Amino acid sequence: MNKQLKIVKSSYDPKDVTMLVKDLTGLVTPVTVAEKDEMVKNGAFERAIMIKEYPMNQEYEDYITSRFDMYIPSTAVAVASVAEQIYKAKGNDLVLVSIVRAGIPIGILIKRYLEHTYHVEIPHYAVSLVKGLDDNAMKYILSKHKAEGIQFIDGWTGKGTVTNELVDSAKNYAGVDASLAVLSDVTGLAKYAGIRDDFAVPSAPMNACATGLVSITVFNNDVVGPDDFHGAMYLKDLEPHDHSRAFVDMVTEYMISHTLTIIPETHPAVYLECPEVAKDIGVDMKKLNPGINEAARAILRRDLKELLVRRADDWDVQVIVSLARMKGVAIREYPLKTYKAISVAK
């Protein structure tokens, strides 16, 4: 690792996570989504471009935070269930490696659950995945821990992009298990999952404001050198809207104050529904954000044509249905088989 490298800060307690991400604050100029799209059309690498992130409007923010309590119990059960699975598999050699960004709060919660339940101190790192794992970050972790103990963490599975990148790039590191541990998995792609169903994780709709105020990570040769970690920015201007610590603290409090029913481990067959949906409604699959949590994030950051839901009155989709209505997005019931919601971009 470059000893002069400045690490990006986050709004989390440093005891909860070690960020293995270079600080690009002040080194790159974020652009709008429209500007990014134009740059990509002209040949730019999409994940070399930093996108400007804006504060949520107050109505949107107030609505989400007022509904946190609805989904804290299911989130706590999912955290405990997946934590038990990976601790059983890897024991005290376990090293949590969360994918920036959605994986970070999940990794923190798993770490806290295991510390409370088993009185163990589990290392937790946050790394970037841009066209594969950050090689310098992986080498740093492997210099300190056993390869067999590494467990990659993310929030949920979607179309399988993260899973595929992990499988491809983990081949470069002998002994590293390329499997993913998530809270919600309906695809069967994740080896470990808290719940094999599509359920709402409260942090999902808030993007940076529930993931430590860290931007997306980029791999840009102009600002990321050969010895550097992939880079990100600390989004200081979003501090008044940050709920990152509040979210993990609420779930932690619930976990330690309630007796949780652990969901038995299962390993369903892989089934990816998006290709069928894209073909049926006549859109490119890139336009789809599958699952409640991906759809919720898309409502904030994409221009949507419609929100497909299996049942509009399903309790799990009430928040994203309301958020879609706030944004003027059309809602259509559609016979989804595994997902409860899929957003469709314009």
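The values are calculated or read from the model by the stated rules, or taken from the named source; none is laboratory data. As the structure is a computational prediction, the values presented were derived from the model and not from experiment. Cβ: placed from backbone, ideal geometry, glycine included. Neighbour counts: every protein chain shown.
The residue that is surrounded by the most Cβ atoms within 10 Å (Cβ to Cβ), counting only those in segment 73-90 that are among the charged types (D, E, K, R) and under 16 Å from T266 (Cβ atoms), is E84. Against the test of being touching a strand residue (DSSP E or B) at 6+ places or on another chain (Cβ under 9 Å) and over 26 Å from P202 (Cβ atoms), the options I110, I141 yield a single qualifying residue, I141.
Scan segment 58-68 for residues that are surrounded by fewer than 14 Cβ atoms within 10 Å (Cβ to Cβ) and either within 18 Å of the chain's Cα centre (by Cα) or in contact (Cβ under 8 Å) with a residue 24 or more places away in the chain (or both) and jot them down. Scanning segment 58-68 gives a single hit, E59. Please tell me if K286 is of a type in the set (K, R) and either touching a Lys or Arg at 6+ places or on another chain (Cβ under 9 Å) or modelled with pLDDT under 95 (or both). Against the criterion (of a type in the set (K, R) and either touching a Lys or Arg at 6+ places or on another chain (Cβ under 9 Å) or modelled with pLDDT under 95 (or both)), K286 qualifies. Looking at (1) crowded, with 16+ Cβ neighbours inside 10 Å; (2) touching a helix residue (DSSP H, G or I) at 6+ places or on another chain (Cβ under 9 Å), which one does P55 not meet, given that it meets all the others? Here P55 clears every test but (1). Among the residues of segment 322-340, those identified as surrounded by 17 or more Cβ atoms within 10 Å (Cβ to Cβ) and within 15 Å of L300 (Cα to Cα) are L323, A324, V329. Report whether or not I122 is assigned by TED's automatic domain parsing to the domain that holds E253, in contact (Cβ under 8 Å) with a residue 40 or more places away in the chain and in contact with a strand residue (DSSP E or B) (Cβ under 7 Å, 6 or more places away or on another chain). Criteria not met by I122.
In segment 223-342, counting only helices (runs of 4 or more DSSP H) that sit wholly within it, the ones holding 2 or more residues that are within 28 Å of T163 (Cα to Cα), assigned by TED's automatic domain parsing to the domain that holds A193 and among the aliphatic types (A, V, I, L, M) span 244-257. Summed over segment 174-202, the residues that are within 20 Å of D314 (Cβ to Cβ) and either in contact with a His (Cβ under 8 Å, 6 or more places away or on another chain) or of a type outside the set (A, V, I, L, M) (or both) give a count of 9.
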